[in-house]
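Asker: The structure is given below, and queries will be raised subsequently.
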Amino acid sequence: MHRTQRRFVIAAAIALACATSSVFAQATWPSQPIKLVVGFPAGSSPDLMARTLAEPLAQALGQPVVVENRAGAGGNIAAASVARADDDHTLGLMINGNLTIAKILNPATTYDPLTDLTPVSLIAVAPLVLTAPMSAPADGAAFLAAARQAGDRWNYGTPGVGTVAHLGMELIKSRAGISPVHVPYTGNPQVITAMISEQVQLALLPPGLAMAQVRGGKLRAIGVTSAGRSSVVPEVPTLTEAGVRNLQLEIWNAVAAPNSLPKAHVKRLSALLVEIVRRPDVREKILAQGWQVTGTSPEGLANRIRVDTAAMSDVILRNGIQAK
């Protein structure tokens, strides 16, 4: 055999061996239970989402999917543990901040979401609802006009500095030309109590919390923060309809993995999750939890991370916001 031919045959054999090895490795993965880490306690919204995904994902992968709750620091403790995992069998069910602004908001955060984690799939989204006391104008445009006239005599409540409700309201302030003063509370229940008693005049709340009060006749829903009307609360108009331009603010849940997880596994996981969340029964479960199903490719989630990071980073830096 000619030397050139021999080299070609050897190279082809090596390529075939590598391809076979790769296919075999993909076919035998996962080889042990998958750990799905959640940064919030049992019964929380992210926990419920993780448990909704766990059983169908386990059936698709042929291995158990075990939900592990590691609460603390707004989910960043769990996200850091996922970023450090090197077993190829650890994933995270995370919220916006864990995958976007964690390091910008708090430089002491022990992982960098942009370099230490790899996007798998954006699972579901929901708008926030701008809510107000019952004494407020019901019409969105009239409410914003009243807010502009009130200036800093109005207050807005949030469950804390650096939360999406805080950052989102600062974004709305810049887009709507209003200037209420931030009053942080220890949680949304306290924000709701303060708004009912008119200690604060507006707040951004998750749909589940907001609409329970609205339907009970205790608060008004002024508008949602998504670009278009949401299937989660289709009866509530958008703030865009009230005249707020260039606004798209949503809370979301996503699955991410350590940056070390092989891309073939990431791609497979993403495809399975997209198929799972789009099943009618799973979609209905997620909608009942207050979320609108998305289900995206890794690239789709990566793009959402980039867009949201840019928007929220601008709010953080412009207002000098830092969370501890």
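All of the numbers you see were taken from the coordinates with simple rules; none came from a lab. Here the structure is a predicted model, which means the values were calculated and not measured. In this analysis, Cβ positions are derived from the backbone assuming ideal geometry, glycine residues included, and neighbour counts consider all displayed protein chains.
Asker: Which stretch or stretches of segment 57-79 have amide N atoms under 12 Å from the point lying 7 Å from N259's Cα along the Cα→Cβ direction?
Answerer: none
Asker: Still on this structure, I have one more. Between E299 and I196, how high is the FRET efficiency from 1/(1 + (r/R0)^6) when r is the Cβ-Cβ distance and R₀ = 35 Å? Nearest 0.05.
Answerer: Details: r = 44 Å, r/R0 = 1.25.
Calculated transfer efficiency: 0.20.
Asker: What list of ³J(HN,Hα) values in whole Hz, one per residue of segment 39-47 in order, does the Karplus curve 6.51 cos²θ - 1.76 cosθ + 1.60 (θ = phi - 60°) give from phi, with Gly and Pro shown as x?
Answerer: Taking θ as phi minus 60°, the curve returns x, 9, x, 4, x, 6, 4, x, 5 Hz for segment 39-47.
Asker: What translational diffusion coefficient, in µm²/s and rounded to a whole number, does the Stokes-Einstein relation yield for the chain at 37 °C and a viscosity of 0.692 mPa s, taking the hydrodynamic radius as the Kirkwood radius over Cα pairs? Mind showing how you got there, number by number?
Answerer: Working: Rh = 21.2 Å.
Answer from the Stokes-Einstein relation: 155 µm²/s.
Asker: Follow-up. Please state the charge dipole magnitude for the chain, taken about the Cα centre, from unit charges on C-beta atoms (+1 on K and R, -1 on D and E), reported in debye and rounded to the nearest 20. Present the calculation step by step, with values, prior to reporting the outcome.
Answerer: Values: 28 positive and 21 negative charges, 128 e Å.
That gives the chain a dipole magnitude of about 620 debye.
Asker: Taking only the C-alpha atoms, wrap a convex hull around segment 129-224 and report its volume per residue in Å³ as a whole number.
Answerer: 81
Asker: Can you list residues whose amide H is under 5 Å from T238's amide H, if they're 5+ apart or on another chain and H is modeled 1.01 Å from N?
Answerer: Residues meeting the criterion, in which the H sits 1.01 Å from N, are V224.
Asker: Between E68 and Q289, what is the FRET efficiency for a Förster distance of 30 Å, r being their Cβ-Cβ separation, to the nearest 0.05?
Answerer: Here the calculated transfer efficiency is 0.95.
Asker: Another question about this same structure. So for each of 42-51, 223-232 I average, over its residues, the number of other beta carbons within 10 Å; can you give me the resulting order with the highest mean first? Kindly include the intermediate steps, with their values, before the conclusion.
Answerer: Values: 42-51: 18.8, 223-232: 20.3.
Per-residue mean Cβ counts within 10 Å order the peptides as 223-232, 42-51.
Asker: In the chain, what % of DSSP beta bridges are antiparallel (nearest 5)?
Answerer: Working: 23 of 39 bridges.
Among the beta bridges of the chain, antiparallel pairing accounts for roughly 60 percent.
Asker: Given Cα pairs under 8 Å that are at least 6 residues apart, what percent is the relative contact order of the chain?
Answerer: Relative contact order here is 24 percent.
Asker: Mean shadow of segment 62-212, computed from the convex hull of its alpha carbons, in nm²?
Answerer: Numbers: hull surface 44.1 nm².
Result: a mean projected hull area of 11.0 nm².
Asker: Kindly put E170, E235, E55 in sequence by how many other C-beta atoms sit within 10 Å of each C-beta, fewest to most. Don't skip to the answer; put the middle values down first.
Answerer: Values: E170 20, E235 9, E55 13.
Going from least to most buried by this count: E235, E55, E170.
Asker: In addition: Please list 292-301, 248-257, 143-152 highest first by mean number of surrounding beta-carbon atoms within 10 Å per residue.
Answerer: Details: 292-301: 18.9, 248-257: 23.3, 143-152: 16.0.
Peptide ranking by packing, descending: 248-257, 292-301, 143-152.
Asker: Where both partners of a DSSP beta bridge lie in segment 129-224, what percent of those bridges are antiparallel, to the nearest 5? Show your work: numbers first, answer last.
Answerer: Numbers: 8 of 14 bridges.
If we restrict to bridges inside segment 129-224, about 55 percent are antiparallel.
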